[in-house]
Amino acid sequence: MTEDPVPAAGPAPQPGSEPAHPAATGPAPQPALLDVRDLRVLFPITRGTVFRRTVGHVHAVDGVSLELAAAETVGLVGESGSGKTTLGRAIVGLIPPTSGTILFRGRPLDTKAGAGGVGGAGSRAERSQLQMVFQDPTASLDPKWRAGASIAEPLRVNHIGTRAERRERVRDLLEVVGLSPVHARRYPHELSGGQRQRVGLARALALNPAVIVADEAVSALDVSIRAQIINLLQHLQHELKLSYLFIAHDLAVVRHLSHRVAVMYLGQIVEQGGAADLYRDPRHPYTVSLLSAVPVPDPSAEARRERIILPGDPPNPASPPPGCRFHTRCWLREQLGGPERCAVEEPAPQRVSAGHSAACHFTDEVPGRAAGSAAGQTAGPAP
Ligand SMILES: Nc1ncnc2c1ncn2[C@@H]1O[C@H](COP(=O)(O)OP(=O)(O)O)[C@@H](O)[C@H]1O
Ligand code: SF4
Ligand SMILES: [Mg+2]
């Protein structure tokens with residue numbers, strides 16, 4: 001696990017806190033380009049060396065439904081281990097889901113093993129429309145290859161164009177991501193972190209995708225470089241009508257470019273909604289706790305901001321808690337006197353407002369309780 005853990009905890013954002021990015025406040029375009037339905041990815045846990053037997057499963061993604069419209073950005077957040085990468089990899093075809101459906105432009109994608117790789121020719125053209133950009137581009141760029149060769153590889157593998165045409169396309173792609181032709185000759189170690197991420201992006205764009213899953217794509221970058229890459233992503237979205245599933249462990253990062261936000265906990269989406277809506281009026285105690293770690297621009301609100309520190313680590317996804325998965329760490333349940341229902345009955349997503357839902361039995365209790373500083377164990381004003 002390479003991501004930093006999300007700072008656990010927190011109170012609701014203050015009234016009048018910064019709205020989401022202006023570009024993110026408009027209505028989400030319709031209809032869904034990508035429609036993920038009840039997706040599950042279970043990893044078997046095996047024992048024995050001679051006779052390997054399955055003794056359990058890691059419930060990495062456990063019944064996720066999510067839509068992504070054309071030219072829309074959905075931010076996907078949650079602590080390390082919540083299943084974000086697994087969901088992203090399943091969507092682009094790098095991991096076969098255990099069950100569920102992924103519709104792309106209304107048609108089911110072939111999700112069998114290898115469908116996203118060199119096999120599964122039937123859906124290869126569609127699969128090429130879904131690309132992934134990783135946190136660490138050095139992991140996706142071959143250190144022995146010059147940047148130009150890495151960018152051209154998807155074209156070569158798919159027998160697109162002549163050598164000269166591919167070279168021309170690489171030049172164009174470098175320009176699109178803000179690099180110059182000389183960068184084509186550089187090896188990954190000769191590039192800065194931001195330049196490597198731009199090369200990773202150029203490679204992902206080579207096949208003219210409609211959807212990019214950006215997995216912690218800016219998490220490892222310095223703040224100023226991060227802002228440049230986020231600006232580039234927004235510019236590309238505008239120019240190329242790209243859709244992003246933008247994965248981060250930090251709600252502050254996704255705020256500035258997400259139209260909608262989905263919050264994951266232990267393999268499930270516990271809340272999703274329009275970005276402005278979800279930041280202003282979070283209705284799942286877990287979202288509230290994540291938001292408490294996000295600084296607010298209003299200095300007086302910031303001075304009053306208190307962080308809720310969730311007790312313990314997330315439970316083991318091989319044996320998720322019964323009932324509500326969050327009940328072992330939930331500050332709201334504690335405030336409500338520990339209702340039994342939380343421990344026995346799994347909450348279905350409750351509609352909060354148009355396009356905004358939260359999977360909690362007590363969504364209506366959240367706003368008043370979260371506003372009080374007594375919410376959970378607080379850590380005092382953030383530094
Ligand atoms: N290939 C794998 N085999 C077994 N378990 C895995 C595998 N990949 C991820 N996991 C487990 O699945 C859970 C979700 O992981 P991941 O999708 O990487 O979460 P995130 O990206 O949110 O940090 C974790 O418990 C992780 O250990
Ligand atoms: S259902 Fe209960 S345990 Fe789960 S988030 Fe709501 S209050 Fe907390
Ligand atoms: Mg991850």
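Quick note: the coordinates plus some simple rules give every number you see, no bench work behind them. The structure presented is a predicted model; accordingly, all values stated were derived computationally and were not measured. Positions of Cβ are backbone-derived with ideal geometry, glycine not excepted, and every protein chain shown enters the neighbour counts.
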Pairwise centroid distance, computed over Cα atoms, of region 179-238 with region 29-62, Å: 29 Å
Longest site-free stretch - the chain; sites: chymotrypsin sites (Phe, Trp or Tyr not before Pro), DSSP loop, at most 14 other Cβ within 10 Å: 146-383
Helix 193-205 vs. the chain, principal-axis angle (Cα, 0 to 90°, nearest 10): 70 degrees
Using alpha carbons only: equivalent-ellipsoid semi-axes of region 282-375, gyration tensor based, whole Å: 24, 16, 13
Taking the C-alpha atoms of region 308-355, convex hull volume expressed per residue in Å³: 115 Å³
Degrees separating the helix 223-240 axis from the principal Cα axis of the chain, which is the longest one: 70 degrees
For region 151-267, alpha-carbon Rg and Dmax in angstrom: 15.1, 48
Inter-centroid distance (Cα atoms) of region 130-156 relative to region 280-354, Å: 38 Å
Unit charges at the beta carbon, dipole of region 266-331: most positive-side option, 311, 301, 268: 311
Range of Cα positions in the chain per principal axis (Å), largest first: 69, 58, 39
Binned Cα-Cα distances of region 185-242, short to long, each 10 Å bin given as a whole percent: 22, 54, 24, 0
Fewest-first sequence of 144, 84, 241 by Cβ atoms within 10 Å of each Cβ: 144, 241, 84
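Give me D for region 255-337 in µm² s⁻¹, whole number, from Stokes-Einstein with Rh from the Kirkwood sum over alpha-carbon pairs, 10 °C and 1.306 mPa s.
Details: Rh = 14.2 Å.
D = 112 µm²/s.
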Debye intensity ratio in log₁₀ form over the Cα atoms of region 51-174, taken at each q of 0.10 Å⁻¹: -0.42
